[in-house]
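Right, one structure below, let's go through it.
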Amino acid sequence: MSRLKERLAAKEFVVTAEIAPPKGGDATLAIEQAKKLAELTALNVTDNQGANMRMSSLALSGLLCQAGIEPILQMTCRDRNRLALQSDLLGAAAFGIENLLLLSGDHASFGDHPEARSVFDLDSVQLLQTATGLMQGVDMAGKNLSSAPLFFAGAAVSPEAEPFDLMFLKYRKKIACGAQFFQTQAVFDPECFAGFMQAASPLQVPVLAGVLLLKNARMARFLNANIPGVKVPEALVERLDQSDNPLAEGVAIAREMVAVARACCQGVHLMTLGHEDLIPEILSI
């Protein structure tokens, strides 16, 4: 059984982080990095994040399973049609991968192969429905499977996206289609996140707050200008701007958001962007 699922069911505060597959055929360094984070509940394995080509997330997730490290397989709809998505889900089951984070994905035009044709045969809601159907032993064509996989399927949500009602409608729709947990887009506004959790808590689906390590004010301004659903308050941008050590200030901001999460949700998903050595400091109380 998924350790992530077990700990969430036990009402433990869980911590996940993420690693990116290598841009090459040797996963040794990625696996070594993952071993350093093995004490965390589970590790997201990104799927051509930002539409930049890397090793298959399924391949690295399978290797992590073999190394005794629990992955959360990220799967996007950008690069595969419904045949390939279902095949990869069944392949994940063969590796013993249970945790999924099912996403629509960034458009290929934003990545390192801008001439690539994005697929988007399904969206993230339909992919959740597909995974739910496979668990019931039936594919999208209504054909019976020889064996049904077991998944713990998760989805993404952006608590600070506007309008709130439209965002929350999609959140509820994902739950209706089989989402068993959520990891949020990076959140920086405690009041906004608490308001989201007040609305979300009655639905009783675990939420892990996305906590992104800000390295400097320039990064914060880039997020505000380019990443939908992410809003770094101007007060935090000023803190980073005025600090003699912006990275240390970013750690302090991340620690503050972890404290908010401990008070109102079931865990955190840490995005430390190469500074995984700072995770213990971010989690310190």
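Things to note:
- Scope region 97-113; condition surrounded by 21 or more Cβ atoms within 10 Å (Cβ to Cβ), in a loop (DSSP other than H, G, I, E, B) and either of a type in the set (A, V, I, L, M, F, W, C) or on the phi < 0 side of the Ramachandran plot (or both); matching residues: Ile97, Glu98
- Residue match in region 171-182 (condition: in a helix (DSSP H, G or I), crowded, with 18+ Cβ neighbours inside 10 Å and of a type in the set (D, E, K, R)): yes
- Selection count, region 184-241, where residues are part of a helix (DSSP H, G or I), touching a Ser or Thr at 6+ places or on another chain (Cβ under 9 Å) and of a type in the set (A, V, I, L, M): 1
- You will find that of Ala42, Ala67, Ala10, Ala84, the residue that is at pLDDT 95 or above and touching a strand residue (DSSP E or B) at 6+ places or on another chain (Cβ under 8 Å) is Ala42 and no other.
- Selected residue [under 20 Å from the mean Cα position of the chain (by Cα) and at positive phi] from Leu223, Leu283, Leu273, Leu278: Leu273
- Which listed residue is over 19 Å from Leu273 (Cα atoms) and surrounded by fewer than 19 Cβ atoms within 10 Å (Cβ to Cβ), from Ala92, Ala9: Ala9
- Verdict on Ser146 being assigned to a loop (DSSP other than H, G, I, E, B), in contact with a Ser or Thr (Cβ under 8 Å, 6 or more places away or on another chain) and of a type in the set (S, T, N, Q): no
- Selection status of Thr46, of a type in the set (Ser, Thr, Tyr) and within 17 Å of the chain's Cα centre (by Cα): yes
- Residues being in contact with a strand residue (DSSP E or B) (Cβ under 9 Å, 6 or more places away or on another chain), surrounded by fewer than 17 Cβ atoms within 10 Å (Cβ to Cβ) and more than 16 Å from Arg82 (Cβ to Cβ) - total across region 136-166: 3
- Gln126 meets each of the listed conditions (1) surrounded by 15 or more Cβ atoms within 10 Å (Cβ to Cβ); (2) part of a loop (DSSP other than H, G, I, E, B) apart from (2).
- Residue in region 249-267 that is part of a strand (DSSP E or B), closer than 26 Å to Gly50 by Cβ and either under 20 Å from the mean Cα position of the chain (by Cα) or of a type outside the set (A, V, I, L, M) (or both) present: yes
- The condition of being among the aromatic types (Phe, Trp, Tyr) and farther than 16 Å from Gln74 by Cβ holds for only one of Phe164, Phe95, that being Phe164.
- Test: residue in region 138-150 that is closer than 23 Å to Ala20 by Cβ and not β-branched (Val, Ile, Thr): no
- Within region 82-127, the set of residues being within 17 Å of Arg54 (Cα to Cα) and among the charged types (D, E, K, R) comprises Asp88, Asp106, Asp112, Glu115, Arg117.
The values are calculated or read from the model by the stated rules, or taken from the named source; none is laboratory data. Quick caveat, the model's predicted, so the values are computed rather than measured. All Cβ positions, glycine included, derive from the backbone under ideal geometry; neighbour counts span all protein chains shown.
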